[in-house]
Every structure is written in C-alpha cells, then in structure tokens.
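One structure is given below, encoded as structure tokens.
None of the figures in this text is laboratory data; all of them are computed from the coordinates on show. Keep in mind that what you see is a predicted model, and the values were worked out from it rather than measured. All Cβ positions, glycine included, derive from the backbone under ideal geometry; neighbour counts span all protein chains shown.
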Amino acid sequence: MKTVQQTIPASELPKPLDQLTESEIERKACIGKVMTYTLRNLTNKFVDSGFQWLLPVALSQSTDPLWPDPGASIEKRIEVDIYGHQVRTTASMIIHKLIASSLVYPKLFILSPNIRIEKAERAQTGKHIYEFTQLDFEVQNATSKDIFALVEDALIGLVSGLKCDMKSELTALCRCDALQVPKKGFKIYDKEDLEAEYGANWEAELASAIKDPVWVTNIPREFYDFEDFGTGKWDNYDLFLPQFGEVLSGAKREWEYSKIFKKIERDGVRKENYSLLIKLAKEGKIKPSAGAGIGIERLVGWIAGVRHIAETQPFPRVPGRVHQL
Ligand code: ASN
C-alpha cells in the first residue's frame, strides 16, 4: 500500500549500527526497548486469546502474489531452484494461513519475515523496507467485525501498557503526549468515499486528517480477500494510524472453489502456484476465515515517532541500499 508521502533526504536515511553516533546509539537502544515491549505485549495477547503460535517459513512454491494491488511496487521477485523445484521467498504467509487455519489451527499467528524488493525510489517515503515482519494472524469462521474487536483491544492494551511501563523511553523519544490511548469502536470509512473526498492521494490526506486510528474497507486487491460479486464490495480492511498511515491489512477470505478459481484467472495470477489451495477448496476443505497482518516495524515506528521505519530495524532494509549486515 501507499502511505503518507514524505521525502527524507538521502543523507538522513537510517544508517547501519557501525555508523551511528553516540546519541543515535542511545535512540536506537531506546526504540529497541519499545520493540521488545511491543512484541511481548502482542504475542501475550494472542496466546492468551487461544491462538497457536506458528513458526515462519522462508521458501515456498506458493506465496502471496501481491497482485493486483494498486499500491504495490515490487522491483523483483526472488525465485530459486531447490531439489529440482522452483520456490519463492515469502512475500506473506497468506496462503499458509488459509490452509493451516482450515486444516489444523483454527486460531493462529506467525511472526513472519516478508521479503518485498521495493523500488529504490521508495527509500524516501519512510514507510517502505525490503524486509519486514508481520504479525500475521487468521481465525476460522471469524467476521471482519470480530477482527476489528480483536485488533482494537490489542492496540488499546498495547498503548496503555506502554504509557505505564515505558514512560522514560517514550519521554526520551518525545512521544509521551503524542501517543494517546485510542477508544474502542474505531471509525470505519469506505475507500470509495475517501477517494471522492480526497482524490487519488487519499491515503496521505487521511493519515494527516485523523486524530484516532480508523478502519478503511472495500479495497479491491488480491484474490484471497472476499468480494461480493452481487454488490461489487470487498469485505476487507486496512488500519490507519494518525499522522502515520497504514499499519495493518486484512480481510474476510474467499473459501469457495468457484470464486477462488474465477478470481485467479481474472487476475492473471499463475494458477500452478496455487494448485494446492485450489485443490483443497474444490474438496470443500478451505473454511471461511478472517485475519490480518500487522506491520511490526510500522507499528513500532508510529509508537516511537520515527521518520523512517528502518530506524526500528537493527539492520536497516532501506530500499536501494545493501549493507554488509
Ligand atoms: N497479511 C495480509 C493479510 O492477512 C496479506 C498481506 O500481507 N499481503 O491479509
């Protein structure tokens, strides 16, 4: 997705650890504590709510097509041959989530490293990195409303916890006042209405206009998000944070064979990469579900008030820049 437009001068992009000044090291360490707190708080919340914690995979035949997504800007897809089979690096574990939540783990989450080789010009948006981690979760038989309630509770719990337990870190980052505990029942906007109000740059405009987190629904994108063929509306969502932009995307999912097949064909996505999902759907083994993925670096970046989300990474993945570590 596109987010708030900003341009960070090349000289001010996040640097590797060995090039940091003393004060930059202090700031990095402080953001590291906020990261650790956030990971503990969110994983506890999911485990305590009955979710199974799965370990991620890095190489698969089936990964997220990231297509069609109007905000995508992928320069290159990484495919390698292993044992005579072509596999891809994980772009997201969406296909794994649909199958695992249907067959074995009805409530699951994964801290999943995603590789998306963004175009180098995205270095300066401050919102894109070419390796990031999602807290990716899926719930069998859940509705979008169930996911809204779960995420809102998680965000409220996290921000309240941080304000109590991480006071000195938030003070050092000048975030004590800016960071307010949101109130449950976030506003919900339809993307079509936002486009009508703000035009093509609606994402950036919305992020600067809002004072509280909001949901945006009805976003046409990949085949696995639920589309009502009758109304043309999509039952999917992004979470936008004030003065920042999108930090989560998710959906109610398609589970019916005929719709999955039709959408894969319509989108021109390579069918052979999704043959297992298609086969299981045909056998009626894919269950209705809903879920989402929280971009961890974006969430912590918003909490810490960073200019560039690679500041939250010990080993920055700024598009176009490759360091030794
Ligand atoms: N994690 C997202 C979801 O659950 C998919 C993505 O990252 N493209 O919908």
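Debye calculation, C-alpha points only, no solvent: report log10 I(q)/I(0) for segment 10-312 at q = 0.06, 0.07, 0.09, 0.13 Å⁻¹, in the same order as the q values.
-0.20, -0.27, -0.46, -0.98
Could you tell me the convex hull volume per residue, in Å³, taken over the Cα atoms of segment 159-220?
For segment 159-220, the hull spanned by Cα atoms encloses 106 Å³ per residue.
At a Förster radius of 30 Å, what calculated FRET efficiency corresponds to the Cβ-Cβ distance of LYS167 and SER49, to the nearest 0.05?
It comes out at approximately 0.65.
Given only helices, namely DSSP H runs of n ≥ 4 each adding -39500 (n - 2.57), what is the per-residue ellipticity at 222 nm of the chain, to the nearest 500 deg cm²/dmol?
Estimated from H runs of four or more residues: -10500 deg cm²/dmol.
Pop a pseudo-label 7 angstrom from the Cα along the beta-carbon direction at both ARG270 and THR36 and give the gap in nm to one decimal.
4.2
If I fit a long axis through the Cα atoms of helix 257-267 and take the longest principal axis of the Cα atoms of the chain, what angle between them do I get, 0 to 90°, rounded to 10?
60
Please list, in order along segment 302-316, the HN-Hα scalar couplings obtained from phi with the Karplus expression 6.51 cos²θ - 1.76 cosθ + 1.60 (θ = phi - 60°), rounded to whole Hz, x for Gly and Pro.
Working through the residues one at a time gives 5, 4, 7, x, 7, 7, 10, 5, 5, 4, 7, 9, x, 10, x Hz.
Under the rule of at least 5 residues apart or a separate chain, name every residue whose amide H is placed under 5 Å from the amide H of TYR189.
TRP215, VAL216, THR217
Residue by residue through segment 119-130, which ³J(HN,Hα) values in whole Hz follow from phi under the Karplus form 6.51 cos²θ - 1.76 cosθ + 1.60 (θ = phi - 60°), with glycine and proline marked x?
Working through the residues one at a time gives 4, 4, 5, 7, 3, 8, 6, x, 10, 10, 9, 8 Hz.
Quick one: Karplus J couplings for segment 86-103, per residue in order, coefficients 6.51, -1.76, 1.60, θ = phi - 60°, nearest Hz, x for Gly and Pro?
Taking θ as phi minus 60°, the curve returns 8, 10, 10, 6, 5, 8, 6, 9, 4, 5, 4, 5, 4, 6, 5, 6, 6, 8 Hz for segment 86-103.
Could you check the spin-label model distance between LYS184 and ILE82? Points 7 Å from the Cα along Cα→Cβ, value in nm.
Going by the 7 Å Cα→Cβ label model, 4.3 nm.
Give me the extension gain from GLN324 to ASP18: residue separation times 0.36 nm, minus the current Cα-Cα distance, reported in nm with one decimal.
In short, 109.1 nm is gained.
What is the spin-label model distance, in nm, from CYS174 to GLU195 if the labels are put 7 Å beyond Cα along the C-beta direction?
3.8
If you line up the Cα atoms of segment 72-145 on their principal axes, what length do they span on each, largest first, in Å?
40, 39, 17
Would you mind checking which residues have amide H under 5 Å from ASP64's amide H? H placed 1.01 Å from N; only 5 or more apart, or other chain.
ALA91, SER92, ILE94, ILE95
Please identify, among GLY232, GLY161, GLY305, the residue showing maximal mean-square fluctuation in a Gaussian network model of the chain using a 10 angstrom Cα cutoff.
Looking only at GLY232, GLY161, GLY305, the largest GNM fluctuation is found for GLY232.
Compute for segment 142-270: radius of gyration divided by Kirkwood radius, i.e. Rg/Rh, restricted to C-alpha atoms, rounded to two decimals.
1.06
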